[in-house]
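Reviewing the structure listed below.
The values are calculated or read from the model by the stated rules, or taken from the named source; none is laboratory data. Since the model is a prediction, treat every value here as computed from it, not as a measurement. Here the Cβ is made from the backbone with ideal geometry for all residues, glycine too, and neighbour counts use every protein chain on show. Heads up: the accessible areas ignore ligands, DNA and RNA and are worked out on the full protein's heavy atoms, side chains in. Shrake-Rupley method; radii C 1.70, N 1.55, O 1.52, S 1.80 Å.
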Amino acid sequence: MARRIIITDDHPLMRAAIRASVERVWPDHDIVEVSDAASAQRAVMDGQVELVTLDLHMADSAGLGPLLDLRKSHPAVPVVVISASDDPRVISGARELGASGFIPKTASLEEMTGALALVQSGDLSFPEVADESDSDDAIVRLASLTPAQTRILQFVAQGLLNKQIAYAMDISEATVKAHITAIFRRLGVTNRTQATLLAKHLDTSGAV
């Protein structure tokens, strides 16, 4: 079975541009195109994945959450974020969460190909950004959460009650409470409001 590259973007023209670069770097690989984060997760679960490219703003996602999910569920699979955002906090956040690269959508075909070639050789490829130490610290704390804790934090940020979270995850309310206590400890916060504010570091609304 040939190794696969998964291109994740909800714009067909952007997927075509990324594909052109990918085919230059990995000419013998199968290329799978998907348009949302959930489809990317399913495609990775099929195995034999060499790389995932990931947009940050799609129908089912708006932020760094899908990157965090992929890094936790498939830590051995390199992920390159390809986004229109040039916010240093987003770029630094992607690096802290374990992305192998960050490519602006404004990059030319040659620039994108060069960045992907660096990743293919085992290097990282990120634009230079200003110091964002406060944001980096928040990202590091968020990255310390388990997959279940990350999902519960996302529900907390949406304003769901413990019983609603328990129903959504098919676990007991007591288990939800235990997870939330552990989340507060890991994040260094004492209540839901503080946890929600910290979770906003995963949000990149407006980036595409």
Can you spot a residue in the range 78-86 that is acidic (Asp, Glu), open to solvent by 60 Å² or more (accessible area, probe 1.4 Å) and either out of contact with any helix residue (DSSP H, G or I) (no Cβ under 9 Å at 6 or more places or on another chain) or over 25 Å from GLU111 (Cα atoms) (or both)?
yes
Can you tell me how many residues within the range 76-123 are closer than 20 Å to VAL140 by Cβ and of a type in the set (A, V, I, L, M)?
7
Answer yes or no: is there a residue in the range 38-57 that is touching a helix residue (DSSP H, G or I) at 6+ places or on another chain (Cβ under 7 Å), in contact (Cβ under 8 Å) with a residue 24 or more places away in the chain and of a type in the set (D, E, K, R).
no
When you go through VAL176, VAL140 one by one, which is the residue that is part of a helix (DSSP H, G or I) and modelled with pLDDT of 90 or more?
VAL176
Filter the range 145-161 for residues that are open to solvent by 30 Å² or more (accessible area, probe 1.4 Å) and either of a type in the set (Val, Ile, Thr) or at pLDDT below 85 (or both); which is nearest to VAL189 (Cα to Cα)?
THR146
Residue pairs qualifying under the 6 Å Cβ cut-off, at least six apart or on distinct chains, with the first in the range 61-80 being modelled with pLDDT under 90 and the second being open to solvent by 40 Å² or more (accessible area, probe 1.4 Å) and of a type in the set (Gly, Ala, Ser), are ALA62/SER205
For the range 88-108, pairs from a residue that is in contact (Cβ under 8 Å) with a residue 12 or more places away in the chain and charged (D, E, K, R) to a residue that is open to solvent by 40 Å² or more (accessible area, probe 1.4 Å) and in a helix (DSSP H, G or I), with Cβ under 7 Å and 6 or more apart or across chains, are GLU96/VAL140
Pick from THR181, THR190: which is part of a loop (DSSP other than H, G, I, E, B), open to solvent by 60 Å² or more (accessible area, probe 1.4 Å) and either of a type in the set (Ser, Thr, Tyr) or modelled with pLDDT of 90 or more (or both)?
THR190
Test result for ASP131, open to solvent by 40 Å² or more (accessible area, probe 1.4 Å) and either modelled with pLDDT of 85 or more or not in a loop (DSSP other than H, G, I, E, B) (or both)
no
Hand me the list of helices (runs of 4 or more DSSP H) wholly inside the range 10-116 holding 1 or more residues that are under 22 Å from GLU128 (Cα atoms), of a type in the set (S, T, N, Q) and more than 17 Å from the chain's Cα centre (by Cα).
12-25
Looking at GLU33, GLU23, GLU50, which is the one that is in contact with a His (Cβ under 8 Å, 6 or more places away or on another chain) and open to solvent by 50 Å² or more (accessible area, probe 1.4 Å)?
GLU50
